[in-house]
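Read through the structure below, which is laid out as structure tokens, and then see the notes.
The values are calculated or read from the model by the stated rules, or taken from the named source; none is laboratory data. Note that the structure is a prediction, hence the values are computed from the model and not measured. Don't worry about glycine lacking a Cβ; one is built from the backbone with ideal geometry, like all the others, and counts go over all protein chains shown.
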């Protein structure tokens, strides 16, 4: 599974559709570009998904191909594709607070949350100190506006979702997520103790995959969240990926089910967390 494959496939599908419209209109790529006043290679770049078409490009394309009635659908398709792969620098340009707030509508309408994490404790389970350490690092690394304090408040407030009985959280962590030291030993100890507390909530299922587990069949994958059966979000190094294609979502749901089988729960999970706390002394 490649993290951006759904976006690439969608862009290629849009290019193929535009090529079909052009051919149905009896136009060569050079003729369409000439009539639109574009460089002669622009049509080819759009059709082969090397260049993303602007809204005006799509309107012009539909008009010149006598397919004006398809303009709205072409625009909607393009907007969906562009919304699926959002670079962090674009998302965080207004500040970290805005980025934290951007997911609230999705969280409000979700009832069943599934999350897998291999390198960090997931957001709803984080302490204030852990959140602050993470967001300060993001601020410094990505050179975004310094509104960490406000962003921390948004993420802390979002944890109220954990205490709403209508929502269920199934979370699987790699043991390594317990061992990465974020914010120093004291912050990490507080975080792990908080994790033990959160795991007792009746609407939370917390599993930990031991580092000793046999990973021959399934190795660690990218961190992701699944929201009901509607959407999967993946955090990449450079971008935030939204997956809505049914076949790709099914792949993530299947992977999650297999990760669940590798994890330990209850006393065995608490023992791993306690061991991570002891390792900080």
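Quick one: which helices (runs of 4 or more DSSP H) sit completely within the stretch 29-118 and have at least 1 residues that are at pLDDT 90 or above, surrounded by fewer than 19 Cβ atoms within 10 Å (Cβ to Cβ) and not assigned by TED's automatic domain parsing to the domain that holds residue 151?
It comes to 29-36, 42-47, 55-64, 71-84.
Please specify each residue of the stretch 234-271 satisfying the condition of being within 25 Å of residue 89 (Cβ to Cβ) and free of Cβ contacts under 8 Å to residues at least 24 places away in the same chain.
235, 237
Here's a check for you: in the stretch 218-232, which residue that is in contact (Cβ under 8 Å) with a residue 60 or more places away in the chain and closer than 18 Å to residue 118 by Cα is farthest from the chain's Cα centre (by Cα)?
220
So which residues in the stretch 121-137 are within 17 Å of residue 162 (Cβ to Cβ) and in contact with a helix residue (DSSP H, G or I) (Cβ under 8 Å, 6 or more places away or on another chain), if there are any at all?
Result: 121, 123, 124, 125, 126, 127, 128, 130, 131.
How many of the residues in the stretch 191-217 are in contact (Cβ under 8 Å) with a residue 60 or more places away in the chain and out of contact with any strand residue (DSSP E or B) (no Cβ under 8 Å at 6 or more places or on another chain)?
Looking only at that region, the number is 5.
From the list 251, 257, exactly one residue is at pLDDT 95 or above, assigned by TED's automatic domain parsing to the domain that holds residue 101 and assigned to a helix (DSSP H, G or I). Which is it?
257
Strands (runs of 3 or more DSSP E) wholly in the stretch 181-241 with at least 1 residues that are modelled with pLDDT of 95 or more and surrounded by 15 or more Cβ atoms within 10 Å (Cβ to Cβ) - which ones?
Output list reads 204-209, 224-227.
Looking at residue 164 and the list (1) loosely packed, with under 15 Cβ neighbours inside 10 Å; (2) more than 20 Å from the chain's Cα centre (by Cα); (3) farther than 25 Å from residue 102 by Cα, which single condition is not satisfied?
Condition (3) is where residue 164 drops out.
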